[in-house]
Amino acid sequence: MTDTNDPLHGLHLDTLAVRAGISRTAEGEHAEPIFLTSSYVFDSAEQAAARFSGEESGNVYSRYTNPTVRGFEQRLAALEGGEAAVATASGMAAILSTCMALLKSGDHVVCSRDVFGTTINLFSKYLAKFGVTVTFAPLQDIDAWRSAVQANTAMLFTETPSNPLCEVADLAAMSQLAREHGCLLVVDNCFCTPALQTPLSLGADIVVHSATKYLDGQGRCVGGAVVGGAEHMNEVLTFLRTCGPTMSAFNAWVFLKGLETLRLRMDAHSRSALALARWLVEQPAVEKVYYAGLEDHPGHALACAQQSAFGGVLSFRVKGGRDAAWHCIDATQIMSLTANLGDAKTTIVHPATTTHGRLSDAERAAAGITGNLIRVAVGLEHIDDLKADLQRGFDTLP
Ligand SMILES: *Cc1c(COP(=O)(O)O)cnc(C)c1O
């Protein structure tokens with residue numbers, strides 16, 4: 001890892017985001033090219049044989065390697081501080097590939113109760129079919145995680161901060177727990193991105209991403225990635241080559257360019273979200289605001305310790321019930337009513353009837369997803385316009 005001959009060694013994240021993962025062709029292009037090719041030609045039958053046997057390194061087929069995809073992988077690995085990264089077709093493909101590569105029948109996983117809904121389905125519906133059992137534990141309660149660990153626990157899986165209530169997991173404590181039990185800590189770093197948080201530096205073994213969100217940053221492509229040590233990434237890569245959920249070269253190019261502005265965007269998202277959260281606290285129509293940047297949020301101290309800013313997602317409860325929340329959402333004119341996030345465009349959604357709609361009433365109540373809760377993923381518009389947009393909503397309330 002500490003290759004001091006590497007010209008990128010020791011450079012800052014902002015520089016790596018622009019400079020890592022570049023390999024120019026003989027054309028001398030400045031911007032990264034898109035290699036839209038499914039396969040590659042060989043100079044001779046002998047070379048083809050050497051490439052296929054692995055004797056000679058080089059491209060064979062884009063399910064195995066693609067230069068644009070490799071560029072994105074190298075750049076993301078540099079930002080996360082990992083030895084290697086593997087790009088995947090989506091965020092879910094990243095999580096699936098990690099599990100398929102590193103778990104086996106009979107293994108047990110402890111997973112945060114507050115992860116992305118589809119991640120819960122992946123563990124409880126599909127991995128269960130192959131003999132991997134799972135226990136869900138509350139994100140912040142490290143004692144609950146400790147007692148959930150069994151002799152066959154092979155992986156702890158978490159996501160922090162949580163969606164939509166912005167709860168924060170103590171990654172150093174969790175990696176300590178993983179060490180004690182000889183299992184892996186896998187962190188979904190989608191909400192913070194390496195611009196705000198690097199789980200590997202806190203002791204996590206593997207980071208997974210939905211590149212669809214902030215890595216792209218402009219809502220164009222679906223993609224994902226896994227980052228970690230070379231040995232683990234080799235296993236993930238072997239799964240990918242065999243089973244096929246690889247990233248397309250075009251999408252890799254979009255993400256590669258997205259990374260160049262990641263820090264600037266994450267700083268802007270975080271700044272606006274904090275300003276909006278503080279403004280919301282003052283609004284008579286608002287009952288409670290959830291954002292780890294607020295001093296009275298239970299995860300505030302931890303977020304200050306392990307994140308460099310608080311990210312772009314916040315949620316709040318309006319006074320009244322579901323109807324009040326729906327009226328508020330429907331009155332906005334600028335914000336996009338969509339469940340996606342990590343976009344230049346601010347998005348607004350009603351979690352109880354969309355992202356968390358499949359939970360039972362009891363599960364929703366336990367997760368704190370009430371009918372009057374609204375989630376906003378703050379984009380890059382001017383903060384005053386966003387406030388005015390929400391004000392339109394509050395004006396509809398009695
Ligand atoms: C969106 C999301 C995913 C899934 O990613 P896709 O790219 O949609 O497959 C996983 N984790 C988190 C935290 C997400 O927000």
Tell me, please, whether a residue that is part of a helix (DSSP H, G or I), without any contact (Cβ under 8 Å) to a residue 60 or more places away in the chain and among the aromatic types (Phe, Trp, Tyr) can be found in the range 133-142. no
Only unsatisfied item for MET247, checking (1) closer than 30 Å to TYR64 by Cβ; (2) hydrophobic (A, V, I, L, M, F, W, C); (3) not assigned by TED's automatic domain parsing to the domain that holds VAL69, is (3)
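Being of a type in the set (D, E, K, R) and open to solvent by 20 Å² or more (accessible area, probe 1.4 Å) is the filter here, so list the residues in the range 264-322 that pass it.
Those that are of a type in the set (D, E, K, R) and open to solvent by 20 Å² or more (accessible area, probe 1.4 Å): ASP267, ARG271, ARG278, GLU282, GLU287, LYS288, GLU295, ASP296, ARG317, LYS319, ARG322.
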Name the single residue, out of those in the range 120-149 being at pLDDT 95 or above and hydroxyl-bearing (Ser, Thr, Tyr), that is farthest from ASN340 (Cα to Cα). SER147
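Of all residues being open to solvent by less than 10 Å² (accessible area, probe 1.4 Å) and touching a Ser or Thr at 6+ places or on another chain (Cβ under 8 Å) in the range 210-220, which is farthest from the ligand (Cβ to nearest atom)? Just the residue, please.
For the range 210-220, the residue satisfying everything is GLY217.
Across the range 319-333, what is the number of residues that are of a type in the set (Val, Ile, Thr) and touching an Asp or Glu at 6+ places or on another chain (Cβ under 6 Å)?
Filtering the range 319-333 for residues of a type in the set (Val, Ile, Thr) gives 329, 332.
The next check asks that each one be touching an Asp or Glu at 6+ places or on another chain (Cβ under 6 Å); those that pass are 332.
Final tally of qualifying residues: 1.
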Please find, among ALA277, ALA301, the residue that is farther than 30 Å from THR68 by Cα, without any contact (Cβ under 8 Å) to a residue 60 or more places away in the chain and in contact with a Phe, Trp or Tyr (Cβ under 7 Å, 6 or more places away or on another chain). ALA277
Go through the range 147-199 and give me each residue that's more than 11 Å from the ligand (Cβ to nearest atom), within 27 Å of THR261 (Cβ to Cβ) and open to solvent by 10 Å² or more (accessible area, probe 1.4 Å). THR198
Pick from the range 96-125 the residues that are within 13 Å of the ligand (Cβ to nearest atom) and in a loop (DSSP other than H, G, I, E, B): which of them is nearest to GLY244 (Cα to Cα)? PHE116
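The values are calculated or read from the model by the stated rules, or taken from the named source; none is laboratory data. Here the structure is a predicted model, which means the values were calculated and not measured. Heads up, the Cβs are rebuilt from the backbone with ideal geometry, glycines too, and the neighbour counts pull from every protein chain shown. To get the accessible areas, we keep the full protein, side chains included, count just its heavy atoms, and leave off ligands, DNA and RNA. Shrake-Rupley method; radii C 1.70, N 1.55, O 1.52, S 1.80 Å.
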